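The values are calculated or read from the model by the stated rules, or taken from the named source; none is laboratory data. Computed from a prediction, not measured in an experiment: that's the story for all the values here. Neighbour counts run over all protein chains shown; Cβ positions are idealised from the backbone, glycine included. Heads up: the accessible areas ignore ligands, DNA and RNA and are worked out on the full protein's heavy atoms, side chains in. Shrake-Rupley method; radii C 1.70, N 1.55, O 1.52, S 1.80 Å.
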Amino acid sequence: MAETADDLSTPLGQNTARAKRRFRLPFTAMQALAVPLGLFLATFAGFAIFNSNPFGGEPIVRIALPQQSPGEKATSTSSSEPTAKSAPKQAASGSQQTVTMIDGSSGARHEVPIGPDDGSDKAEAASTFPSMMTGIDRRLLEKSRYGMIPVAADGLKPFTVYAAEADRARAAKMPVVAVVVGGLGVGAAKTTDAIMKLPSAVTLAFTPYGSDPGKLAERARAERHEILLQIPMEPFDYPDNDPGPQTLLTTLSPEQNLDRMYWHLSRFQGYVGIANFMGGRFVAADAVMQPIIREAAKRGLGYFDDGSSPRSVAASVAASQAMPFAKADVSIDTVPTAVEIDRALANLETLAKDHGTAIGVASALPISIERIGAWSKALESHGIMLVPLTTAMLKSKSS
């Protein structure tokens, strides 16, 4: 019988039981865990790559729909919409209905009565818009997947219906200045300061962001300010410099950019037109600007170019659509000091006297609000009239 190494090393005269070899699994515990983990990661990667939802990661709100009887027609809203929409409570035919409004930021519910539906698409669209938005013409609303957006209808346009009051006959006979203060809607305190401290003739431009831009925009209109909607557009250093969610991009198709535009248009109502928010690269590209300007013109809106991009094609594209247009002549607070702001405002006066019309743009910095407010009080004594942006647009067009 052949001897093993154990037999040779065993002391003479002693029989030592041979140790039994332990059973070993063909894989370790870590390898066993790696298999389901790998499957999970592969499934997640496949979903991320092949899922075609372009709005993944955008804020959503879920709407609680009231219970309906089996014989009633169901009314549904999408749970993937970025903004809160109404869920009509059914009532008897011809009777008044109630809309349950759910605030997308706080979750608060508001019961809003509406009139009976006449069965038309326009009536259905109007019934889903909050009646608390005073001064909004329901004829100028159209239903989209995100909520209500402006539209021209019955010979009316948002540009004219929501224009602030002004003595246009007097403005036609003297130099006029328009001032647009932008970046509002994010930051209730600074927005409220601009609304309350600036003259009503100053036009206010709101970004689509913020917890409740509609409420602030409504307050601005209650104080007789004309308002604009600023639409985020791609700057040259994007994505290092990112304007925000749903930014219009040169790399997207016209359909994708229009869909993003509808999201912005639905954030609040009552504006006379749109304006670029950043967008140095986007506004210089004719191919991507054409569909945006064409759509805004079709909906009865004007366009304001903040003048930040010397290569902007907005003026020529707007002219091809016979669209109300204006471009800022002076950036008032590029250097945000009292001395430089006052110098920019004096330059604005000079341009108005030389050309009949001048337009300035500023941000809602406390120093800017203070200096514009002080400057406006003495403007009439200089023979110059402060007017809303629409008045300056119409005067420039007629001259």
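Assorted remarks:
- Normalised by 2.2 N^0.38 Å, where N is the number of residues, the C-alpha radius of gyration of segment 327-399 stands at 1.07.
- Among the protein heavy atoms, those of Met278 account for about 60 Å² of accessible surface (1.4 Å probe, every chain in place).
- Accessible surface of segment 291-399, 1.4 Å probe, proportion on carbon and sulfur as whole %: 56
- Check: segment 270-353 dipole with +1 on Lys, Arg Cβ and -1 on Asp, Glu Cβ, in debye: 360
- Projected label distance in nm at Ser381 and Ser398, using a 7 Å step from Cα toward the beta-carbon: 3.0
- Between amide H atoms placed 1.01 Å from N, distances below 5 Å from Ser363 occur with Gly182, Asp333, all of them 5 or more places distant or on a separate chain.
- Pairwise label distance in nanometres, Ser331 with Leu41, each label 7 Å out on the Cα-Cβ vector: 4.6
- Entry comment: accessible area of segment 293-399 is 44 Å² per residue, from protein heavy atoms only and a probe of 1.4 Å.
- Linear extension gain, Arg145 paired with Arg343, 0.36 nm per residue minus alpha-carbon span: 66.6 nm
- The calculated FRET efficiency for Arg170 paired with Glu223, based on their beta-carbon distance and R0 = 30 Å, is about 0.85.
- Accessible surface of Val339 - all protein chains present, 1.4 Å probe, nearest 10 Å²: 100
- Averaging the Cα positions of each part gives two centres, and for segment 248-266 and segment 189-230 these lie 24 Å apart.
- In this label model, Thr251 and Ser316 are separated by 2.7 nm, measuring between points 7 Å along each Cα→Cβ vector.
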